[in-house]
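The values are calculated or read from the model by the stated rules, or taken from the named source; none is laboratory data. Because the structure is a prediction, the values reported are computed rather than measured. As a convention, Cβ positions derive from the backbone with ideal geometry for all residues, glycine included, and neighbour counts pool all protein chains shown.
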Amino acid sequence: MTALTRRIKGIETEYGIMATLPGNIAPMTPDDVARYMFRPIVERYSSSNIFLPNASRLYLDVGSHPEFATAECDSISQLIAYEKAGDRIVSDLAIQAEEALAAEGKPAQIYLFKNNVDSQGNSYGCHENYLVSRTAVLKVLGRKLIPFLVTRQLIAGAGLIYRPFLGSASSHFGTGWCVSQRADHVWEGVSSATTRSRPMINTRDEPHADSSLYRRLHVIVGDSNLAEPTIALKIGATELVLEMIEAGVELPDFGLADDIASIRQIARDSTGSTVIELKNGGTITALAMQRAYHEAAAAWLHEREPNEDLNKVVDLWGRMLTALESQDFSQVDTEIDWVIKRKLINRYLEKNSWDLDHPKLAQIDLMYHDIKPGRGIFPVLEAKGLVQRWVSDEVIEVAKDQAPQTTRAKLRGDFLSAALEREASVTVDWMRLKINQPEPHMVELGDPFASVDSRVEELIEYL
Ligand SMILES: Nc1ncnc2c1ncn2[C@@H]1O[C@H](COP(=O)(O)OP(=O)(O)OP(=O)(O)O)[C@@H](O)[C@H]1O
Ligand SMILES: [Mg+2]
């Protein structure tokens, strides 16, 4: 198999939602709040499951977690811009809903949390999608990727103060710092299930592309990230490992004896020194495993075509591993989510001599993920320049309205913008663009790499 060095990818983010109201006003359930948020969408599109002119999908799934799925991107910087545009789009909806509620005499504060667990221990996801060749067998590819994903939390986790809760399978660990939010919420390595027994990689065969050529690798074990460099590292390191697997680069046999036991233990050890038992009888520490992947990726970088994003990814990856080894995080404490958050929490711990299970710390942990500008801790840190950026505000603002120009998303964006302008009745999904009236016309886009298609031009003319 040849390595795909230009790869279609997308990120889906589910947000936690909550509203607070003055004591004399009846509280609102997350369901109520979500419906309020989506009112302008439903008014405009007659649906709460839509594609925006920037070619991304915005919808309200069961369980009242608003979700934004980025349009198809083909570079890391571009993908970050669309993920961040999604944060701003849903945040704008929440602010609009606050205004509408205030006008009705309900001065609510609406919170959108870009995290992966609520206070009851329910988990919602951040899914990564990577295009792979049809010749790849998802189960085989997945199994090769699992050891990397189990240890990836060390470099890309969002961090969490874990507290035992009723029914948690991890209660025996007790209260403690975790590098990842999602590690406790996966139950197997590779399978086609999504909720009942949530895997790290979902193998449901839904390529959203010509199924004779492509598959879509659906990674659902990752944390939602806030810091742009952490998103870059999560996606970039994964792509490099994928490329090496595709290219047949010789990687050590890291098949784990117990994926799930390992992912839970590694989450609780921010030194990376957790010893992992391998299927072949050997052992290795989580950090040593990441080092092996990083070294291989650094070498692979010289063989594949040059890529500025990936150069920066490999540099950050190396610095993060050195930080884990030395336990001096000063070289990465403005770039890696869990490090940024733990530094903040440690400052409170020291100042107030609290224990880790102090309720105020739980609140700080949560408020870190509040995405509202000027209120959420992360947005405030970022606005103060205390967190590094990967893309500019200008690029993110453009991404709110305009589709990625280098992939199939451009065709969808052009079509949807034209339809909105002409108030035409259309239906789209990842693969299809359809005019409903007067006569139905449909174009199927099997090639997610193609940003030019004369059939779409004709379809737009017909509008
Ligand atoms: N061919 C492709 N290869 C890789 N990623 C793709 C491809 N086509 C679309 N994507 C990306 O996959 C994601 C699909 O998001 P969506 O929320 O619709 O996921 P789903 O898994 O199809 O459905 P659901 O979340 O409803 O279960 C988007 O981010 C999109 O950009
Ligand atoms: Mg989705």
Go through the stretch 333-356 and count every residue that is in a loop (DSSP other than H, G, I, E, B) and surrounded by 14 or more Cβ atoms within 10 Å (Cβ to Cβ). 6
Within the set of pairs 6 or more residues apart or between chains, which connect a residue that is closer than 12 Å to LEU154 by Cβ inside the stretch 330-345 to a residue that is of a type in the set (Lys, Arg) with Cβ atoms less than 8 Å apart? VAL332/ARG319
Just a yes or no: is a residue in the stretch 67-89 more than 16 Å from ligand 1 (Cβ to nearest atom), in a helix (DSSP H, G or I) and either in contact (Cβ under 8 Å) with a residue 40 or more places away in the chain or surrounded by fewer than 22 Cβ atoms within 10 Å (Cβ to Cβ) (or both)? yes
All conditions in (1) over 27 Å from VAL313 (Cα atoms); (2) of a type in the set (A, V, I, L, M, F, W, C); (3) more than 16 Å from ligand 2 (Cβ to nearest atom) are true of ALA193 except (3)
So GLY125 passes all but one of these: (1) at pLDDT 95 or above; (2) closer than 29 Å to THR5 by Cβ; (3) within 15 Å of ligand 1 (Cβ to nearest atom). Which condition number does it fail? (1)
If we keep only residues of the stretch 57-83 that are closer than 22 Å to ASP309 by Cβ and of a type in the set (Val, Ile, Thr), then the residue nearest to ligand 2 (Cβ to nearest atom) is THR70
When you scan the stretch 263-273, how many residues do you find that are more than 22 Å from the chain's Cα centre (by Cα) and surrounded by 19 or more Cβ atoms within 10 Å (Cβ to Cβ)? 2
Only one of these conditions is not met by ILE8: (1) within 16 Å of ligand 2 (Cβ to nearest atom); (2) farther than 23 Å from LYS410 by Cβ. Which number is it? (2)
Restricting attention to the stretch 408-433, which residues are surrounded by 17 or more Cβ atoms within 10 Å (Cβ to Cβ), of a type outside the set (A, V, I, L, M, F, W, C) and within 18 Å of HIS208 (Cβ to Cβ)? ARG408, LYS410, ARG412, GLY413
